[in-house]
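For reference, the structure is listed below as structure tokens.
The values are calculated or read from the model by the stated rules, or taken from the named source; none is laboratory data. Quick caveat: nothing in here was measured; it's all calculated off a predicted structure. Methodologically, a virtual Cβ is constructed for each residue, glycine included, from the backbone with ideal geometry; neighbour enumeration extends over all protein chains shown.
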Amino acid sequence: MKEIFDKVSYQCSEKVTKTYSTSFSMATKLLSKSIRKDIYNIYGFVRFADEIVDSFHSFNKTELFNSFAEDLDKALSHKISLNPILNSFQHTYHKYSIDKNLVDSFMKSMRMDLKKKKYSTVKEYKEYIYGSADVVGLMCLKVFVQGNEKQYQKLKINAMKLGSAFQKVNFLRDIKADQENLKRSYFPNTQFNNLSESEKNTIINEIEDDFSIGLQGIKELPIVAKFGVFIAYRYYNQLLKKLKKTPATEIINKRIRVPNLKKLELLTRSYVKYQLNLL
């Protein structure tokens, strides 16, 4: 019975989310149950694609990624896959009529990571951000508005900016690991070993502008999604505040984190704000 296989597939995507990201998993749990499964399905797909290019150093990553891409195309075309992660993703893809261009742009950015080590121009940087983050925000937005095309078009820019902000925070937080483990540098016109306060502040200001636009969109999200997305925003904004207070010389030498106790405090305070309609 395919229903059993589909159920197992959804459970796999949920397990991937909970295993790879405690913060995203926490935010997803706060979404309405009616859409939670579909966000797990999207995360499982993007996580596994990213995992191929970032982690499997002892294997032929290009070959693995090509195989994954072929299986993805077959899953979307045939509406089934023996890969449970792709099977669950194709379900959400078809359920909400996600634009194939979004999926293609995401895969293009992941493929760039196979060979490209430095994003030297603003154009390259923006293209990578769009494919690796903005389109993921748009896929999730399709789920959040539950297929309402008018609402989707209204909130597109906000969703893209929020996705960009999340990704740029990750880049800044992981700047040491990306350079040392993957030999990658995402920010144009910056030198990892000599990141200056001025360069750091320019990046921070850019992220704050993205967050400002993203927050306006969160306020207009349907009730099924608003609180969960707001929690994700609050977590990443707290991380950004820590990065802002941390000297550039320290950022390039250690990974900045938000302690679990602080996450719990954020959750409590955010819930109060949400209940009082103070977003």
Unique residue being more than 30 Å from residue 148 (Cβ to Cβ), at pLDDT 95 or above and surrounded by fewer than 22 Cβ atoms within 10 Å (Cβ to Cβ) when the list is 48, 59 = 59
Residue pairs within 7 Å by beta carbon, gap of at least six or interchain, first lying in region 111-124 and within 13 Å of residue 61 (Cβ to Cβ) and in contact (Cβ under 8 Å) with a residue 24 or more places away in the chain, second part of a helix (DSSP H, G or I) and of a type in the set (D, E, K, R), listed first then second, are 114/61
Region 192-249, residues that are over 20 Å from residue 167 (Cβ atoms) and touching a residue at least 40 places away in the same chain (Cβ under 8 Å) | 193, 196, 197, 219, 220, 222, 223, 224, 226, 227, 247, 249
(1) of a type outside the set (Phe, Trp, Tyr); (2) touching a residue at least 60 places away in the same chain (Cβ under 8 Å); (3) more than 21 Å from residue 146 (Cα to Cα) all hold for residue 104 apart from (2)
If you scan region 50-69, which residues turn out to be β-branched (Val, Ile, Thr) and within 19 Å of the chain's Cα centre (by Cα)?
-> 52, 53
Scope region 30-60; condition under 25 Å from residue 230 (Cα atoms) and out of contact with any helix residue (DSSP H, G or I) (no Cβ under 7 Å at 6 or more places or on another chain); matching residues | 33
Given region 140-241, what helices (runs of 4 or more DSSP H) lie entirely inside it while holding 1 or more residues that are under 18 Å from the mean Cα position of the chain (by Cα) and more than 17 Å from residue 255 (Cα to Cα)?
-> 149-173, 197-218
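With the structure loaded, tell me whether residue 185 is in contact (Cβ under 8 Å) with a residue 40 or more places away in the chain and in contact with a Lys or Arg (Cβ under 6 Å, 6 or more places away or on another chain) or whether it fails that test. Steps first, answer last, please.
Values: in contact (Cβ under 8 Å) with a residue 40 or more places away in the chain: yes; in contact with a Lys or Arg (Cβ under 6 Å, 6 or more places away or on another chain): yes.
Against the criterion (in contact (Cβ under 8 Å) with a residue 40 or more places away in the chain and in contact with a Lys or Arg (Cβ under 6 Å, 6 or more places away or on another chain)), residue 185 qualifies.
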Can you give me the ranges of the helices (runs of 4 or more DSSP H) entirely in region 1-116 with at least 1 residues that are under 23 Å from residue 221 (Cβ atoms)?
-> 2-20, 22-29, 33-55, 84-95, 100-115
Restrict the check to region 46-54 and report whether at least one residue is of a type outside the set (A, V, I, L, M) and more than 26 Å from residue 180 (Cα to Cα).
-> no
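Could we say that residue 210 is within 19 Å of residue 242 (Cα to Cα) and either surrounded by fewer than 13 Cβ atoms within 10 Å (Cβ to Cβ) or touching a Lys or Arg at 6+ places or on another chain (Cβ under 6 Å) (or both) here? Steps first, please.
Numbers: within 19 Å of residue 242 (Cα to Cα): yes; either surrounded by fewer than 13 Cβ atoms within 10 Å (Cβ to Cβ) or touching a Lys or Arg at 6+ places or on another chain (Cβ under 6 Å) (or both): yes.
In short, yes.
Going through 96, 119, 130 one at a time, which residue ends up being modelled with pLDDT under 95, within 20 Å of the chain's Cα centre (by Cα) and of a type outside the set (S, T, N, Q)?
Values: 96 fails: modelled with pLDDT under 95; 130 fails: modelled with pLDDT under 95.
119 is the lone residue from the list that is modelled with pLDDT under 95, within 20 Å of the chain's Cα centre (by Cα) and of a type outside the set (S, T, N, Q).
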Looking at (1) at pLDDT below 95; (2) of a type outside the set (D, E, K, R); (3) within 21 Å of residue 33 (Cα to Cα), can you tell me which one residue 188 breaks?
-> (3)
